[in-house]
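Since the structure comes first, as structure tokens, the remarks are kept for the end.
What follows draws every value from the coordinates through simple rules; no lab data is involved. Keep in mind that this is a model prediction, so the values were computed, not measured. As a convention, Cβ positions derive from the backbone with ideal geometry for all residues, glycine included, and neighbour counts pool all protein chains shown.
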Amino acid sequence: MTIDVTAIVNAVIALIAADISVFVIPWIKSKTSSQQREELIAWVKIAVAAAEQIYKGTKRGEEKKQYVLDFLAKNGFYVNEDSVNAAIEAAVKQLNSEGIVIS
């Protein structure tokens with residue numbers, strides 16, 4: 001007998017996304033200026049796009065994330081990893097919505 005847990009996984013993902021929206025994004029906004037956030041998001045988009053080109057294939061999310069974190073550090077962005085994770089997720093979501101499929 002097999003149990004389909006897709007609905008549970010989708011619910012967990014929705015809860016995580018809600019937590020990011022409710023807690024992490026307001027925290028980032030309280031600690032940075034609008035210009036700093038725009039610059040960070042721009043650099044994150046560059047790093048995410050580069051990681052997608054370098055690390056092709058599925059199941060390489062951790063490698064991609066580490067590349068983005070290292071890229072940001074090399075470019076002078078020393079921020080809390082949770083904040084960076086939220087920015088990475090936002091960039092991936094936006095790239096996906098623009099038709100650039102991130103796997």
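Some points to look at:
- Of L40, L95, the sequence from fewest to most neighbouring Cβ atoms within 10 angstrom is L95, L40.
- Sorted ascending by nearby beta carbons within 10 Å, beginning with the fewest, Y55, Y78 become Y78, Y55.
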